[in-house]
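Undergrad: Quick one: this structure, given as structure tokens, is what I'll be asking you about.
The values are calculated or read from the model by the stated rules, or taken from the named source; none is laboratory data. Computed from a prediction, not measured in an experiment: that's the story for all the values here. In this analysis, Cβ positions are derived from the backbone assuming ideal geometry, glycine residues included, and neighbour counts consider all displayed protein chains.
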Amino acid sequence: MPDRLYVLMSTHSLAQHEKGDICMAYAKYIVIKNAVKQLNQMKSAGTWTDKLPTLQEISGIFVSKSAFFSNHKRVFPNVTFYPEMEKWLLNGDDAPEDVEVWGNAKHTFDNLDKILKSHGAPSASVKGGEKKVSGEDEVVKGKGKCKAKEKGKGKKVRKISDSE
């Protein structure tokens with residue numbers, strides 16, 4: 001694995017954090033998305049010659065499979081609908097105060113989903129379909145895809161693309 005990618009994916013501070021820290025969860029999501037993008041670019045350029053890792057394998061470095069697919073991938077693509085929340089999650093110098101973006105709500109994925117919906121984001125809970133996060137599915141091959149297809153067998157599955 002190229003050094004740059006290895007350093008990116010093995011960052012100790014991202015691999016271990018306090019449970020419930022949504023800013024750290026967002027940072028992990030960004031690193032996972034960037035790793036996927038970088039791997040796809042390397043594959044296209046011919047500098048990555050091995051089989052691409054699955055999204056499950058990449059995300060598993062930082063967070064459990066169930067947490068990533070039920071929380072991170074479900075809610076974080078919609079953060080772009082509320083730029084002030086994105087600034088808060090990135091914890092930058094220009095980040096607004098907690099109460100400005102969260103009100104009195106606890107910092108949870110469900111509350112974040114509700115806040116993002118109130119700012120025009122589509123619903124993060126898609127029943128009977130798939131939610132595609134742009135750029136990630138190129139890496140997803142193998143594990144988990146068959147089970148997803150079996151669940152939707154006989155039903156029409158509607159794909160939703162997030163604009164990022």
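Undergrad: Which pairs have Cβ atoms under 8 Å, sit 6 or more apart or on different chains, and link a residue in the range 58-86 that is among the acidic types (Asp, Glu) to one that is surrounded by fewer than 20 Cβ atoms within 10 Å (Cβ to Cβ)?
TA: Within 8 Å, the pairs are GLU84/PRO96; GLU84/GLU100; GLU86/THR80.
Undergrad: Looking only at residues that are in a helix (DSSP H, G or I) and surrounded by fewer than 18 Cβ atoms within 10 Å (Cβ to Cβ) in the range 20-41, which one is nearest to the chain's Cα centre (by Cα)?
TA: Of everything passing the filter in the range 20-41, ILE30 is nearest to the chain's Cα centre (by Cα).
Undergrad: Determine whether ARG4 is assigned to a helix (DSSP H, G or I), at pLDDT below 95 and touching a strand residue (DSSP E or B) at 6+ places or on another chain (Cβ under 7 Å).
TA: Here the answer is no, as ARG4 does not meet what is asked.
Undergrad: In addition: Report the residue count in the range 97-109 for those that are surrounded by 14 or more Cβ atoms within 10 Å (Cβ to Cβ) and either without any contact (Cβ under 8 Å) to a residue 24 or more places away in the chain or touching a Pro at 6+ places or on another chain (Cβ under 9 Å) (or both).
TA: Selection size over the range 97-109: 3.
Undergrad: Criterion first (within 16 Å of the chain's Cα centre (by Cα) and either under 17 Å from TYR26 (Cβ atoms) or modelled with pLDDT of 85 or more (or both)) does VAL139 satisfy it?
TA: no
Undergrad: Also, quick follow-up: Among the helices (runs of 4 or more DSSP H) contained in the range 42-106, which hold 2 or more residues that are under 11 Å from the mean Cα position of the chain (by Cα)?
TA: Of the helices (runs of 4 or more DSSP H) lying wholly inside the range 42-106, those with at least 2 residues that are under 11 Å from the mean Cα position of the chain (by Cα) span 55-59.
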